[in-house]
Amino acid sequence: LTMGIPSILIPYPHASDNHQQYNAEYMLSISAGIMLLEQNLTKDQLYDKIKILFENQLLLEDLGNNAKKNAKENAAWLIVQEIKSLL
């Protein structure tokens, strides 16, 4: 997020507690990425999403800007602090 790079997210469907899909849904909710579900994914769908991004510079910039403005620059530090509090 802090780099402002838009994402095409394909959450791993067997991740514990479905956390990858929840993270991808968050990115969608802030308009910072595109999600494709693996169980429905075809190479044509992936190609179409990539093509849409390459052909629409404004969309690409908007997704990147939304990612950057919603980033927590100190996220790693916050995670470490949370882990320390649990120990």
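Rule-based calculations on the coordinates, nothing more; no lab input. The structure presented is a predicted model; accordingly, all values stated were derived computationally and were not measured. For neighbour counting, all protein chains shown are included, and Cβ atoms are generated from backbone atoms with ideal geometry for every residue, glycine included.
Below is a table of values for the structure above.
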item	result
Selection status of Ser31, of a type in the set (Ser, Thr, Tyr) and either more than 16 Å from Leu9 (Cα to Cα) or part of a helix (DSSP H, G or I) (or both)	no
Leading residue by the ranking (surrounded by the fewest Cβ atoms within 10 Å (Cβ to Cβ)) among those in the range 1-28 that are part of a loop (DSSP other than H, G, I, E, B) and free of Cβ contacts under 8 Å to residues at least 40 places away in the same chain	His14
Yes/no for Lys49 being free of Cβ contacts under 8 Å to residues at least 40 places away in the same chain, among the charged types (D, E, K, R) and out of contact with any Lys or Arg (no Cβ under 9 Å at 6 or more places or on another chain)	no
Hey, Leu58 part of a helix (DSSP H, G or I), among the aliphatic types (A, V, I, L, M) and touching a residue at least 12 places away in the same chain (Cβ under 8 Å) or not	no
Residue check, Ala67 in contact with a strand residue (DSSP E or B) (Cβ under 8 Å, 6 or more places away or on another chain) and touching a residue at least 40 places away in the same chain (Cβ under 8 Å)	yes
